[in-house]
Amino acid sequence: MIAVQAMHWMEPVSTLAEIARILRPGGVFASFEADWPPVAGLVRTNGRHTQDSLNAWPRAEHLANMVASNYFAWCREVFFHQTEAGGADRFIALLQSQGGYQSIGSDIFEREVRAAYADSTVDHRITFSWRARLGVKP
């Protein structure tokens, strides 16, 4: 069973119980989530420009929740990333495609990103990171 970009929206105790109920012995549960926002040279949004009005469970606790559930004989987290060409326009467009960033006025955010890229002498790459949390049912 796979959950992609979803576990932070689901209450963990009942969700993991249901996952364990439908997995057969030896079945694998995999939860994939992007670390957000991406890192781009000197520019990192650090959540300052988002609204935190939605109820979500901390992504950093997903693996601990899986282990604590005792539904899995084996649990691990795997981290991987890739770096791509970027720039201010790409970074701004990427973040504007996300709901939390759409809900704010983008003028201040765009000015800060463009200023950081203009002053920067570093490579303008964007690093995307993902985490896979894996659990195997006994």
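Tabulated values for the structure
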quantity: Nonlocal amide H pairs with A3, under 5 Å, H built at 1.01 Å; calculated: A30, S31, F32
quantity: Estimated vicinal HN-Hα couplings, Hz - region 75-90 in sequence order (Karplus 6.51, -1.76, 1.60; Gly, Pro = x); calculated: 9, 8, 10, 10, 10, 8, 8, 9, 10, 10, 4, x, x, 4, 4, 5
quantity: Difference of contour (0.36 nm per residue) and Cα-Cα distance, A93 to A115; calculated: 6.3 nm
quantity: Proximal charge balance of E77 [Cβ under 13 Å; K/R count +1, D/E count -1]; calculated: +1
quantity: Förster radius 22 Å - calculated FRET efficiency between S14 and N70, Cβ distance, rounded to 0.05; calculated: 0.90
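Read-outs throughout are calculated quantities, based only on the coordinates presented, and are distinct from any laboratory measurement. Remember, predicted model here, so these are calculated numbers, not experimental data. Methodologically, a virtual Cβ is constructed for each residue, glycine included, from the backbone with ideal geometry; neighbour enumeration extends over all protein chains shown.
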